[in-house]
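What follows draws every value from the coordinates through simple rules; no lab data is involved. What you see is a predicted model; the values in this text were computed from it and never measured. Cβ coordinates were reconstructed from backbone atoms using ideal geometry, including for glycine residues, and neighbour counts include every protein chain displayed.
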Number of protein chains: 2
Amino acid sequence: MKLTVCSSVLLLLLTFSFCHGGNIFVFPAEGSHWINMDILLQALHSRGHNITILRSTRSWYIKANASYYNALSMPVEKSIDETFITNLMKAGVQFVLGTTPWLSSINILTKMVDIITYLHSAVCELVSAVLDDAALMKTLEDTKFDLVLSDPCWGGGVILAKYMKLPLVYYVRWQIGEDAHFGIAPSPLSYIPVTGSGFTDRMTFLQRVKNMILYLVTYIQNDVISGRLYQPTCAKYLGPDCDFNQIKTDADIWLMRTDFVFDYPRPTMPNVVYIGGFQCKPAKPLPEHLEEFVQSSGEHGVVIMPMGTFVSELPDDMANGIAAALAKLPQKVIWRYKGKRPASVGNNTLVVDWMPQNDLLGHPKIKLFVAHGGTNGVHEAIYHGVPVAGLPMYFDQYDNLLRLQERGGAKIVSISTVDKDDSFLEAMQEVLTDPSYRENMQRLSRLHRDQPVEPMDKALFWIEFVMRHKGAAHLKAQSYNMSWFTYHSVDVVLFLTAAVLLVLLTSFMFIRCLFRALCKRKVKRE
Amino acid sequence: MKLTVCSSVLLLLLTFSFCHGGNIFVFPAEGSHWINMDILLQALHSRGHNITILRSTRSWYIKANASYYNALSMPVEKSIDETFITNLMKAGVQFVLGTTPWLSSINILTKMVDIITYLHSAVCELVSAVLDDAALMKTLEDTKFDLVLSDPCWGGGVILAKYMKLPLVYYVRWQIGEDAHFGIAPSPLSYIPVTGSGFTDRMTFLQRVKNMILYLVTYIQNDVISGRLYQPTCAKYLGPDCDFNQIKTDADIWLMRTDFVFDYPRPTMPNVVYIGGFQCKPAKPLPEHLEEFVQSSGEHGVVIMPMGTFVSELPDDMANGIAAALAKLPQKVIWRYKGKRPASVGNNTLVVDWMPQNDLLGHPKIKLFVAHGGTNGVHEAIYHGVPVAGLPMYFDQYDNLLRLQERGGAKIVSISTVDKDDSFLEAMQEVLTDPSYRENMQRLSRLHRDQPVEPMDKALFWIEFVMRHKGAAHLKAQSYNMSWFTYHSVDVVLFLTAAVLLVLLTSFMFIRCLFRALCKRKVKRE
């Protein structure tokens, strides 16, 4: 029996941890997903719950030590560490910005597929590391967890939850690689754009055709990942009959990180709880030097430009183009950029390593938010009602910004032309001078804030609900354990069609026989 | 210009009414629908809103005078009055109880169809009476209503709301004649039983076939009612292009009188708010004589049997059968029955004209609720956690009780054999003696009460939300203005199929030509 050092420490922590509430086992995902989940975990901890998170010893964002959780750190071979992510993102940025010739583009694309495969293999390895460690599993069993909280963009949480026979709560926007709604709720492709399509909920015929093709491609892609990577792990630990595609939709509650002020209204399910913007909170005062800088902007106000978790560096031309455009604004600018300082940075621009984004967005002097379109930033823009100039790069960023643009609160420009023409500067100037952008964002802010329960309180309520009632079976529709064939009534439609055809055929045969008999009799008589 | 007496009085009331809040125009439905809507209106009034309801001068349940609303009473020819309803229900009861020979059954069925047609014609007449009265319409316009609140089991509210260009809130469970969910949310027939089917959300193949046939019948029936009755009214007042089937789904918020503790979990939409059981409240003390009677039951406790809005009389045999069964119980019984007192009423039974149902259900001495299966009663049983013996008759009553039976909280018996065998008595005895029935109802009660916002508060919040934001357009999915053809992507699927076939055909032709050319060359060479 192998009891790792990490799990011994965990045992100690679990035994002595002071806990009013429940025991929560967390299977998080890395990067920006973790940033917000961390906020949720702090809130859960402050309500007296005992939190244990699973991470690899070489984890990127998820720290081994925190006052509000116990970390179960597993040594694994494959890991989503900083080097891995940085390389991936550099390649990704180059690909999206179109700065590589097409042969190396194909090379990068192949690399990307390899990287995604690596990522999900790493998740499976992490799951196996836990499940293969009998002593650790005994410790975990003894801890008597109340539920598993998991981000299903990584498929490991559900396998662990099913193995430990625990209720499961998803903290979710994506499942493996697609909008999680596609996994749980009916999703008519006629008005639900697939992520990456760049379409809205009002599509032309050709857009709808493209949307369906894109859906099929995404579906196949996810099916391959599920089938090749998660299914073997699932079968090994949960028995050969276990179907990963079925169990992955079998969570008690889906805490969905979106809402319908931001997203297009669409069908949903009783166990989906919308917590979009749960991380937003009123602004705190700024650090002194920042407040001073902001105040120095006078009546023009300030533009902020944080560029997300993944972008630390841009190609020189591009960084220069951005800096030059920002320099031409009468506003002061706060730009978060970790790369080499471009020569064209203006006197109005403060380049920083990090900024208190939420506190700045809530500051009355902030006139414009130059956003890359990550979900977190977009929700914060809505919460504080700040208009947006969008410079999307990859993933869902364009689609996120498009939702704001559709509602009149943002203007999107292509980052690839930022060093070639004035479109970025013009877009910023338009959003700064046309009051409708701010008015629309303020309207969205009012709608978002006008909820009977705050998104964070909703999240806490439903997690504790699952603890109190040991699940939420009464909210899970029967659809989750039906085959597509039965679900879509294919058998029933075939049966009814056959029945109708049979009746028609029999009637036809009968009439023909009757007709012939009559004719014969007539002939005989003649 | 014709200004009716009623509308003059209304004008006066509207002008002088003291109002902190908004102006709400209400288009209610009769009978049990009204009983609960009335509770909602009282709550709205107590929050300072000014309420105007539309009724016919010969209305059955909706009173002309109330302290908390202004009634706009329109004199119309056709009306859903007491005589009309009583006759309908008598015929209905006889039909369901199977006490009429089959020829008169057909007669009754034809009558029922006539009656339903009459009912919806009466609604259309009421709508026309308002819209044709120009002076009244001027008054209504001047009142500056904030929204229309309507029960869409009658199709008049939406026509009035669209005519007055006002936001619309539905207080809803049925739309015309079907579960309102079918009108707004995707409803896979593979696990969503059609009302009247008597199926659950787990159906066998044959049940699914029957479910689909029943759905088609219901669909056609509603389409005929919409097309023959509402469409002409709609076209007359809203223009010839107006499609009633489209506008009827175009409400801002649907306050759905159900929840998923009671109903089977199923797809829903962002603008559907579940307020099932909103009318339930903690029990108040009973009137002295009732409390005395209840206390006299000792350890055995009390059985209550209120028989709903529609049943005042049963055939003699049946009433006698029920009374005899109740007499054999060791419990005390409170029976609400307006018909002739049966000879077999036992000493343990108190026959009453009316009972404080909610206060009784919340009394600790109540051991069993003999319910006919109306939605109101079923929700009250869940709220108070009282087990049920079900005697369903018509409409959705069997289906409602089935939901409780499926969850182990009720036992259903057929009312038609109540005077022929002991099944009713046995069912009551089983529910009284097997503790699992009460435990299950108590569990449902805990689940129902464990919500982040009370159902009534939810209803009030969303009505006021619609006032604050002049609608809830951001929660309305695009589906409501798409044809079924586009919605189901029929055109896209046909196009893609044609494209694939074309590619296959072209490839085939090309290969054939190539093959022939090769063969020819070979022949030539030979």
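Net charge dipole, the protein assembly as shown: roughly 3040 debye, given to the nearest 20, about the Cα centre with Cβ charges of +1 for Lys and Arg and -1 for Asp and Glu. Placing a label point 7 Å from the Cα of A:Leu206 along the Cα-to-Cβ direction, the residues of region B:480-515 whose backbone N falls under 20 Å from that point are B:486, B:489-500, B:502-503.
For the rotational copy relationship between B and A, the axis lies nearest to a chain B beta carbon, identified with its distance in whole angstrom as B:Pro186, 2. Relative to the longest principal axis of the C-alpha atoms of chain B, give the angle of the C-alpha long axis of helix B:134-143, reported between 0 and 90° and rounded to the nearest 10°. Relative to chain B, helix B:134-143 is tipped by roughly 80 degrees.
Spacing of the modelled spin labels on B:Ala135 and A:Gln246, each 7 Å from Cα toward Cβ, amounts to 7.1 nm.
Rounded to the nearest 20 debye, the dipole magnitude of region B:288-449 is 320 debye, with +1 charges on Lys and Arg beta carbons, -1 on Asp and Glu beta carbons, and the Cα centre as origin.
Each label was represented as a point 7 Å from its Cα along the Cα-to-Cβ direction; for B:Lys236 and B:Arg341 these points are 5.1 nm apart. Once both labels are positioned 7 Å from their Cα atoms along Cα-to-Cβ, the gap between B:His469 and A:Glu292 label points is 4.3 nm.
Comment: the Cα-to-Cβ extended label point of A:Asp422, at 7 Å, lies 9.7 nm from its counterparts in the other copies, nearest first. Computed from the Cα positions only, the extents of chain A along the three principal axes stand at 113, 64, 52 Å, in decreasing order. On the beta carbon distance between A:Trp102 and A:Ala64, with R0 = 35 Å, the FRET formula returns roughly 0.25.
In chain A, helices alone account for a calculated mean residue ellipticity at 222 nm of -15000 deg cm²/dmol, with every DSSP H run of four or more residues adding -39,500 (n - 2.57).
Of the chymotrypsin sites (Phe, Trp or Tyr not before Pro) in region B:97-160, not one is in a loop by DSSP (not H, G, I, E or B) with at most 16 other beta carbons within 10 Å.
For region B:65-164, the set of trypsin sites (Lys or Arg not before Pro) satisfying both a DSSP loop assignment and a count of at most 12 other C-beta atoms within 10 Å is given as B:Lys144. Normalised by 2.2 N^0.38 Å, where N is the number of residues, the C-alpha radius of gyration of region A:163-287 stands at 1.25. Placing unit charges on the Cβ atoms only, positive for Lys and Arg and negative for Asp and Glu, gives chain B a dipole magnitude near 2260 debye about its Cα centre. Starting from the label point of A:Trp102 at 7 Å along Cα→Cβ, the same points in the other copies fall at 7.5 nm, in ascending order. Taking max minus min of the alpha-carbon positions on each principal axis, the protein assembly as shown gives extents of 99, 95, 81 Å, largest first.
In the assembly of identical copies, A:Tyr219 has its label point, taken 7 Å from Cα in the direction of the beta carbon, separated from the corresponding points by 2.1 nm (ascending, one decimal). Under the combined filter of DSSP loop state and at most 15 neighbouring Cβ atoms within 10 Å, region A:71-155 retains these GluC sites (Glu not before Pro): A:Glu77.
A Förster distance of 60 Å, applied to the separation of the beta-carbon atoms of B:Lys165 and A:Leu216, puts the FRET efficiency at 0.90.
Can you tell me the 0 to 90 degree angle between the C-alpha axis of helix B:32-46 and the longest principal axis of chain B, rounded to 10? Roughly 80 degrees between the two axes. All alpha carbon pair distances within region A:319-371 were sorted into 10 Å bins beginning at 0; the resulting P(r) in whole percents reads 24, 56, 20, 0. Eigen-decomposition of the gyration tensor built on the alpha-carbon atoms of region B:223-364 gives equivalent ellipsoid semi-axes of 44, 22, 13 angstrom, largest listed first. Using just the C-alpha positions of region B:288-449 as equal point scatterers, what log10 of I(q)/I(0) does the Debye formula give at each q in 0.11, 0.15 1/Å? Treating every Cα as an identical point scatterer, log10 I(q)/I(0) equals -0.37, -0.73. Rounded to the nearest whole Hz, the Karplus-based 3J(HN,Hα) values (6.51 cos²θ - 1.76 cosθ + 1.60, θ = phi - 60°) of region B:331-348 follow the sequence 6, 7, 10, 10, 10, 8, 8, 9, x, 5, 5, x, 5, 7, 4, x, 5, 7, with x at glycine and proline.
Taking amide H as placed 1.01 Å from N in the peptide plane, B:Ile366 has its amide H under 5 Å from the amide H of B:Val302, each at least 5 places away in sequence or on another chain. Stretched out straight at 0.36 nm per residue, the stretch from B:Phe495 to B:Ile511 would grow longer than its current Cα-Cα span by 3.3 nm.
Considering only A:Ser507, A:Leu168, A:Pro435, and ranking their Cα positions along the charge dipole of chain A that arises from unit charges at the beta-carbon of Lys, Arg, Asp and Glu, the one farthest toward the positive end is A:Ser507. Between the beta carbons of B:Leu518 and A:Thr117, assuming R0 = 35 Å, the FRET efficiency works out to 0.25 to the nearest 0.05.
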